[in-house]
Structures are given as structure tokens and as C-alpha cells.
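Taken together, the values in this text are just the output of simple stated rules run on the coordinates, not laboratory data. Only a predicted model underlies this, so the values are computations on that prediction, with no experimental measurement involved. Glycine also receives a Cβ, built like all others from the backbone with ideal geometry; neighbour counts cover every protein chain displayed.
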Amino acid sequence: MKEKYKLWVFIWTIGLLAWLVFLILKITGRVKIRGYEKRKVRPGASGLILIANHPSLWEPAILPFLFFPRCLFSQKLLPISVVDKNDYYNKIWFSPFRMACLPVERGNAREELKAMDAMIEILNQGRILILYPEGGRTSKGEEFKFSCSGRKIRRFKKGLRRLFLNSHAVIWPVWTEGGDKVMPRFSFPHIWAETVIKPGEPFKPEARKSEILEVLEGVLLELGDR
């Protein structure tokens, strides 16, 4: 009960204030969402995994608000974002956001397995995960996959096969553009720059184990080309 109360406080303070900023960005045209429908944010009994490309640090800051204002009234609809434990979750400045995040200690096989089990448990509860399968920002990758028009993503982390195959969750692909201009790596944030968010169609993958990541990579890149 205590944890639920703390979560309500988080949602109605930090969450609400940040959502109002997000609304201002939408109203002023700084954030544009193409293809959004309310039905797409329903997790269902097996949960929902939002997968997105990760060109910058801007996407983790704004994509959770695709689920507002509904999660103001249902904790089940509050998305849990998967974040790097050492680079973000353990930092003091990140402490206000920990309640809506699941940490992953990348490079530590045992801890990665624990995090995977936690993700599957969240989905089994019919809840929502926000996941960046590239495992980090696109520009930091070494192996890439390209779309027909030249858009690119890092190849998805192989360890995610277990999550996609064992959770039976619905996958919601979301493509973003412009985040690298809002938050460039070696400059101050340019909050006035435009961000485009393209929510795709939720679906349950039916690919074999060896093909699941390649299928999801293709779906995300195809969405980016639309």
C-alpha cells in the first residue's frame, strides 16, 4: 500500500507537471504525433511493449507521455521505462524518476537475466514497458540496419529474443525523428527544435526464434519510412 501511495504522488506531481510541458510542446508544434489512436495504448492481459529507435536522450523523456492522461487514473497504465543502471538509474539527479523505471546493468549477464525476469513479470501483470532494443543511442552503435530510404538503427540486442518470445506481449512500434536536434550530444538542448513521433500498429509477432529480432527491426524501419 505504501508503494502504491508513493506512486500516486509521483504520477500526480512530477508526472503531471512534465505532461503539461509535453502538452505545450504539442500545442506549439514542437512535438508532432502522426498516427496516434487511443486504442493503441491499451496493454491487454499479456502487457504491451513499446519499442522505439533511440537517436538521442530526448525519446526517453517524452515517449511516456503517449500514455497520459490515462495513467493519472490507473497505475496499470503508467509505462515502466527500461534504463541503464549505471549511466542513469543510480545517479542522484535521476532519483525522482526511479519509480517509473526498471534498471538494467548492461554487461553483467546475471543482472541482465534478473532484469529480463522483472520485465516479463511486469508484462504478465498486464502492464506497459518502454524499451529501446538498440541498447543505447543509435550513433554509438557499430552494427546497423538500414531502411529503403537510408534511415538506420542499431541491430537489436540478441538477449531480447527471450523477452519477445516468452512474454507473449503486444508490440507497439514507435518511430521518432528530431531528438538528436533537440538534445545534440555536444551542445546545449534546443527545446525549440521539432520532434516527430510516428506510432505504428500494435501487433503480436509470429516469427520463429531465429527471426524475431530481424522482423522487429524491419517493422520499426518500415514505420520510419512512412
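Just a few scattered comments:
- Cross-link partners for Lys204 among the lysines, with Cα-Cα distance under 28 Å and sequence neighbours closer than 8 places in the same chain left out: Lys32, Lys38, Lys40, Lys76, Lys114, Lys145, Lys152, Lys157, Lys158.
- Helical segments meeting 30 Å axial Cα length and Kyte-Doolittle 1.6 threshold in the chain (DSSP H): none
- Label selected from (1) 1.01; (2) 1.22; (3) 0.97, the criterion being Cα Rg over 2.2 N^0.38 Å as computed here: (3)
- Looking at the chain, the DSSP beta bridges with both ends there are about 30 percent antiparallel.
- 5 angstrom amide H check on Ser81, placed H, neighbours 5+ away: Cys101, Leu102, Ile130
- Put simply, when 22-30, 41-49, 170-178 are sorted by average Cβ atoms within 10 angstrom per residue, most first, you get 170-178, 41-49, 22-30.
- Most to least packed among 188-194, 217-223 [average Cβ atoms within 10 Å]: 217-223, 188-194
- Summary of the geometry: the stretch 1-73 and the stretch 132-168, compared by the centres of their Cα atoms, lie 22 Å apart.
- If both residues of a DSSP beta bridge must be in the stretch 1-135, then about 0% of such bridges are antiparallel.
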